[in-house]
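Participant: Supplied in structure tokens, the structure appears directly below.
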Amino acid sequence: MTGDVQMIKDQEARFRWKGFPWWLVAIIGFLGLMLLLILTNEDYNRAFNFIRGGFGGVEGLGDGGWEGFIGTGITLTIYTTLVAFAIALLIGLLAGLGRVSQNAVIRNVAITYVEFIRGVPTLVLIFTVAYVIVPAVADTLGISGQIITPAVRGISALSIIYGAFLAEVFRAGIESVPGGQMEAARSLGLNGGQAMRHVILPQAIRNVLPALGNDFIAMLKDSSLISVLAVRDITQQARLFAGSTFRFRESYLVLTFLYLTMTIALSLLLRWYERRLRQNAR
């Protein structure tokens, strides 16, 4: 009996050992090493201050507020990601509803949009949207070219690209809701639109929230691609610093540090939320 108890304890100890998040220890170790280099090494410190977009610091709160504190480079990266993702959510929801529409025209337009985006490399799409679609829309609407900044072009490109990806997420979420939910809503007197808005979509959105979080993290990383449009985000700042000082190692290690810090924080928050969802589902 004593031997069986000891065996169970050994198995539990091995499980805890294997289940320990060693990946997080490795990443935190890298981030800690980079932070130490930034604080103690002049070259890394210069690279960090330039890439994040100015010296900022606590003294910057009085002059530039939040932007003065964290730097214009990081601020622009976060801003473009948030705005682009908000617009992509709207585009993705509309396209996702189109994908499950009973109207053949709407459904095929939505499928064409999704498949077109899927079939073209992201960098090519960024150039196409920024220098073909955005100027064409601006000319049609009579919008001044001075308003169409590189940031606007970049946000437009990311929104259109990720709108297609999110369309598939919303489609999967809608189709995950049992068909009986729609039938029950219709039996209560709701029409198709009301049933979708009040019954199906709330359940679908709850089901796809983790996937939406993953797409937000992916967009944060892909926001680095809009640096090709001369958007002064942290990637562009790193390229400028490396090109002017030839400190490529410091520039791109600091850039890696900044992106990894943001994405790991978001990833841990998403994991916590997923655990909450699983606990509430029990």
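Participant: Within the stretch 238-263, work out how many residues are surrounded by fewer than 16 Cβ atoms within 10 Å (Cβ to Cβ) and over 15 Å from THR77 (Cβ atoms).
Facilitator: Count: 6.
Participant: Of the residues MET182, MET196, which single one is surrounded by 13 or more Cβ atoms within 10 Å (Cβ to Cβ), free of Cβ contacts under 8 Å to residues at least 60 places away in the same chain and out of contact with any Asp or Glu (no Cβ under 7 Å at 6 or more places or on another chain)? Step through it out loud before you land on a result.
Facilitator: Details: MET196 fails: free of Cβ contacts under 8 Å to residues at least 60 places away in the same chain.
Residue meeting the stated conditions: MET182.
Participant: From the list LEU190, LEU225, exactly one residue is surrounded by 13 or more Cβ atoms within 10 Å (Cβ to Cβ), at pLDDT 80 or above and in contact with a helix residue (DSSP H, G or I) (Cβ under 8 Å, 6 or more places away or on another chain). Which is it?
Facilitator: Numbers: LEU190 fails: at pLDDT 80 or above.
That would be LEU225, the only listed residue that is surrounded by 13 or more Cβ atoms within 10 Å (Cβ to Cβ), at pLDDT 80 or above and in contact with a helix residue (DSSP H, G or I) (Cβ under 8 Å, 6 or more places away or on another chain).
Residue-by-condition table, conditions (1) assigned to a helix (DSSP H, G or I); (2) of a type in the set (Phe, Trp, Tyr); (3) out of contact with any Lys or Arg (no Cβ under 8 Å at 6 or more places or on another chain):
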| residue | (1), (2), (3) |
| --- | --- |
| THR80 | yes, no, yes |
| GLY92 | yes, no, yes |
| ILE106 | yes, no, yes |
| TYR113 | yes, yes, yes |
| ILE117 | yes, no, yes |
| VAL129 | yes, no, no |
| ILE133 | yes, no, yes |
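Participant: Considering only residues of the stretch 229-270 that are of a type in the set (A, V, I, L, M, F, W, C) and part of a loop (DSSP other than H, G, I, E, B), which is farthest from the chain's Cα centre (by Cα)? If you could, list the steps in order and put the result at the bottom.
Facilitator: Step one: list which residues in the stretch 229-270 are of a type in the set (A, V, I, L, M, F, W, C), which gives 229-231, 234, 238, 240-242, 246, 248, 253-255, 257-258, 260, 262, 264-266, 268-270.
So of that shortlist, the ones also part of a loop (DSSP other than H, G, I, E, B) come out as 230-231, 246.
Values: ALA230: 20, VAL231: 18, PHE246: 30 Å.
The residue in question is PHE246.
Participant: Looking at (1) surrounded by fewer than 16 Cβ atoms within 10 Å (Cβ to Cβ); (2) at positive phi, which is the only condition GLY71 fails?
Facilitator: (1)
Participant: Which condition number in (1) more than 17 Å from the chain's Cα centre (by Cα); (2) farther than 24 Å from VAL177 by Cβ; (3) surrounded by 15 or more Cβ atoms within 10 Å (Cβ to Cβ) is the one that ALA95 fails?
Facilitator: All conditions pass for ALA95, except number (2).
Participant: Still on this structure, I have one more. Which one is modelled with the lowest pLDDT among residues in the stretch 115-157 that are among the β-branched types (Val, Ile, Thr) and farther than 21 Å from ILE226 by Cα? Spell out how you get there, then give the answer.
Facilitator: Restricting attention to the stretch 115-157, the residues satisfying the condition of being among the β-branched types (Val, Ile, Thr) are 117, 120, 122, 124, 126, 128-129, 132-134, 137, 140, 143, 147-149, 152, 155.
In the following step, the residues that additionally are farther than 21 Å from ILE226 by Cα were identified as 140, 143.
Details: THR140: 88, ILE143: 83.
Result: ILE143.
Participant: Scan the stretch 147-157 and give yes if some residue there is assigned to a helix (DSSP H, G or I) and in contact with a Gly (Cβ under 9 Å, 6 or more places away or on another chain), otherwise no. Break it down stepwise before answering.
Facilitator: Start the filter on the stretch 147-157 by keeping residues that are assigned to a helix (DSSP H, G or I), which leaves 150-157.
Applying the additional criterion that residues be in contact with a Gly (Cβ under 9 Å, 6 or more places away or on another chain) yields none.
No, the stretch 147-157 contains no residue that is assigned to a helix (DSSP H, G or I) and in contact with a Gly (Cβ under 9 Å, 6 or more places away or on another chain).
Participant: Does the stretch 159-176 contain any residue that is surrounded by 14 or more Cβ atoms within 10 Å (Cβ to Cβ) and free of Cβ contacts under 8 Å to residues at least 24 places away in the same chain?
Facilitator: No, there is no match, as no residue in the stretch 159-176 is surrounded by 14 or more Cβ atoms within 10 Å (Cβ to Cβ) and free of Cβ contacts under 8 Å to residues at least 24 places away in the same chain.
Participant: Follow-up question, since we're still on this one. Given the criterion out of contact with any Pro (no Cβ under 7 Å at 6 or more places or on another chain), crowded, with 17+ Cβ neighbours inside 10 Å and closer than 26 Å to SER267 by Cβ, identify the matching residue among LEU201, LEU220, LEU209.
Facilitator: Values: LEU201 fails: closer than 26 Å to SER267 by Cβ; LEU209 fails: crowded, with 17+ Cβ neighbours inside 10 Å.
None of the other options fit; the residue is LEU220.
The values are calculated or read from the model by the stated rules, or taken from the named source; none is laboratory data. Owing to the predicted nature of the structure, the values given are computational and were not obtained by experimental measurement. We place every Cβ from the backbone using ideal geometry, glycine too, and count neighbours over all the protein chains shown.
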